[in-house]
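Everything below concerns the one structure shown next.
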Amino acid sequence: MEGKEQIIHLGKVLRAELERGCDDGAAAGGLERFLTNWRLGADGALQYQPVRQALELLAGYTVFDITTRRARVGIAIEGLRSLFRAAEDRGPKTGDRMPPAGARAVQHSTSNIQHPARPLALNSPIEEVPGIGRANAAAFRRLGVKTVLDLLYHFPHRYDDYTSHKTIAEMRFGEVETAVGTVSDVRTFGTRAGRGGIEVLVSDSTGDLKAVFFNQPWLARQFQVGARIVLSGKVTADSRTGMRSMASPDWQPYTDDELVHAGRLVPVHPLTKGLVERGTRTIIKRVVDLAAPLVEDHLPEAVRERAGLLPLARALAQIHFPDSKELLEQARRRLGFDEFLFIQLGVLERKVLWQAERGYPMALNEAVHEEFLGKLPFDLTGAQVRALEEIFHDIGRPVPMARLLQGDVGSGKTAVAAATALQAVANGFQAAIMAPTEILAEQHYRGLKGLLGRVRVPRETANDQRPATNGVAGEQRSPFVDGPSSEALVRQAELEEIRQLLGMTIEDDLDGQGVRVALLTGSLGARERRKVLDAIARGDVDLIVGTHALITESVQYARLGLVIVDEQHRFGVEQRQRLKDKGFNPHMLVMTATPIPRTLTLTIYGDLDTSVLDELPPGRQEIKTRWITSAERD
């Protein structure tokens, strides 16, 4: 077995530590210092999983309580013993000698010993993290942390800056400072409430510092006279002696390698009931050390170099335990880059999937469009004309349009929407416009009725009011012989009821060729709502304007070909998708008056082609968008 002598030496020290009651005294300078030095000379011993597991279990040994120490040392010893047991089961090989008597010392059994855990993987359940415990694992799950990868992305929400090391004499009262000193005295004290605490006197060449820990008498076992420690906390004056003092500071034994709880930028992670800050930090440090190197970087090295980004594994390590403020910012930049990259990939994928579907091509009816322009009381701006050309090109293709129309208030978005809806109706389809509030929906309803009024659209049944024919094309049934059929009479009655419901006059209907616009909101009466829904389902309504009511299950469309969403930033992706699903891949136009920078448009709305109305109609006042704070409101 390669590295056998090193493994035996490790087993002897662990056995000695267990026999001493796990007081961290089996090796000079403590067990963690021993393990650091042992790793440097481990040679081939590190290739064995039980050896690596033992080192993982004992990382952070100094801050563990006695019960945890005993359990972990026992598990580590049992893992090392399994190596020799496996060798014995295979039998000795030529030139291979049985382990000396010292190796038998690792064969300690205890009721707390568990079988060695599997090596950590990114998808390992949180319960498999060495030493996490059932209660901590349950608390992490309440935070949504279920796997090792989840814990790697459970980022700190702030950092305590303990990087400024000073001598005790240099520490200023009232400031948060960090000092390295030697424990010169440890005393316990009691309180009137029956709870105790400890006072630790720490010294360096310039003076003394008293650290007081309330309600934690068990900490006395953690401080040994002569040991060097690092403390970080707010400096106050002792009420009796006036010497520098800290109340319940963050601390840890001083080591030549990495600090975790003091003397650095100390991370503060989101917690929940059952998690303690110091213990949580220790667990996360262990996971970061073990699992961060396992994360595969999805960015090629050439891309990282071109963008000046850290490797992902290093960014994850630095975001949790940054070596400096500069590296912390670099880690944030890398992880922020990833977030925007994934958003862009998601929206681009949505665009590809959207345009991979078949849609309804709508031919431009120039006669209808010219009649619409002739009815307008104003001329379209150049920006409106340009936007309509882009929209008409999109809806003429056999793939569903996905376009964002952006323009300030008063730039004429409603006129563009009306012209687009009119083309859908002229092609025999229905159009739906969804607004976020009933007030805005009603404004659209009134405005669109005015814009589309008196514009004729061709229909398959061009005149719903004409008497039905006797079956011969162009031949009209004689009213003196048979009269209109019962079906025609029923149909005429239905259309008359719809016209009354929609507030249309005979003149508005234009002999059945007028655009029928309905308002559908949550406040509509039950009887009226039922009639409007029936008319929408039969296809008797061309343009439906409403709020979220448009996407409820009760609304069924006969042939929905165009969806227009106003103030789209106030609707979620799922809400827009539900309206889209009401038809067979209808064209979609979303409108917003909120100024969106081009970079944000490309990032968040990358699934949408963009048209911008950057001109105001003549006579309109300039629209200014301002941010007013509450103090400036009056």
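The values are calculated or read from the model by the stated rules, or taken from the named source; none is laboratory data. For clarity, every value in this text was computed on a predicted model and none was experimentally measured. Note that we place each Cβ from the backbone using ideal geometry, even for glycine, and neighbour counts take in every protein chain shown. Quick note on the areas: whole protein, heavy atoms, side chains included, nothing else; ligands and nucleic acids left out. Shrake-Rupley method; radii C 1.70, N 1.55, O 1.52, S 1.80 Å.
Observations
- Flag for PHE140 being buried (at least 16 other Cβ atoms within 10 Å of the Cβ) and in contact (Cβ under 8 Å) with a residue 40 or more places away in the chain: yes
- The number of residues in region 26-43 being open to solvent by less than 30 Å² (accessible area, probe 1.4 Å) and part of a loop (DSSP other than H, G, I, E, B) comes to 3.
- The set of residues in region 521-536 that are outside any helix (DSSP H, G or I) and out of contact with any His (no Cβ under 8 Å at 6 or more places or on another chain) comprises THR521, SER523, LEU524, GLY525.
- Checking each residue in region 377-402 for being open to solvent by less than 20 Å² (accessible area, probe 1.4 Å) and either in contact (Cβ under 8 Å) with a residue 40 or more places away in the chain or over 15 Å from ALA417 (Cα atoms) (or both) picks out THR381, ALA383, GLN384, ALA387, ILE391, ASP394, ILE395, PRO400, MET401, ALA402.
- For region 552-570, filtered to residues that are open to solvent by less than 10 Å² (accessible area, probe 1.4 Å) and either of a type in the set (Phe, Trp, Tyr) or not in a loop (DSSP other than H, G, I, E, B) (or both), the residue that is modelled with the lowest pLDDT is GLN568.
- Close Cβ contacts (under 6 Å, 6 or more residues apart or on different chains) running from residues in region 436-461 that are under 16 Å from THR547 (Cβ atoms) to residues that are part of a loop (DSSP other than H, G, I, E, B) and among the charged types (D, E, K, R) comprise PRO436/GLU567.
- Scanning region 44-56 for residues that are over 18 Å from PRO253 (Cβ atoms), part of a helix (DSSP H, G or I) and open to solvent by less than 60 Å² (accessible area, probe 1.4 Å) returns GLY44, ALA45, LEU46, GLN49, PRO50, VAL51, GLN53, ALA54, GLU56.
- Filtering region 305-323 to residues that are farther than 18 Å from LEU149 by Cβ, at pLDDT 90 or above and surrounded by fewer than 17 Cβ atoms within 10 Å (Cβ to Cβ) leaves GLU305, ARG306, ALA307, GLY308.
- Taken across region 152-169, residues that are outside any loop (DSSP other than H, G, I, E, B), out of contact with any strand residue (DSSP E or B) (no Cβ under 8 Å at 6 or more places or on another chain) and open to solvent by 50 Å² or more (accessible area, probe 1.4 Å) do not occur at all.
- Candidate set from region 330-372 (those that are without any contact (Cβ under 8 Å) to a residue 12 or more places away in the chain and closer than 28 Å to VAL457 by Cβ); member that is least open to solvent (accessible area, probe 1.4 Å): ALA367
- The set of residues in region 174-223 being part of a strand (DSSP E or B), surrounded by fewer than 18 Cβ atoms within 10 Å (Cβ to Cβ) and hydroxyl-bearing (Ser, Thr, Tyr) consists of THR182, SER184, THR188, SER203.
- The one condition from (1) farther than 25 Å from CYS22 by Cα; (2) in contact (Cβ under 8 Å) with a residue 40 or more places away in the chain; (3) of a type in the set (D, E, K, R) that GLU301 does not meet is (2).
- Given (1) assigned to a strand (DSSP E or B); (2) touching a His at 6+ places or on another chain (Cβ under 6 Å), index of the condition VAL145 fails: (1)
- Scanning region 271-304 for residues that are farther than 29 Å from GLN53 by Cβ and either surrounded by 14 or more Cβ atoms within 10 Å (Cβ to Cβ) or at pLDDT below 90 (or both) returns LYS273, LEU299, ARG304.
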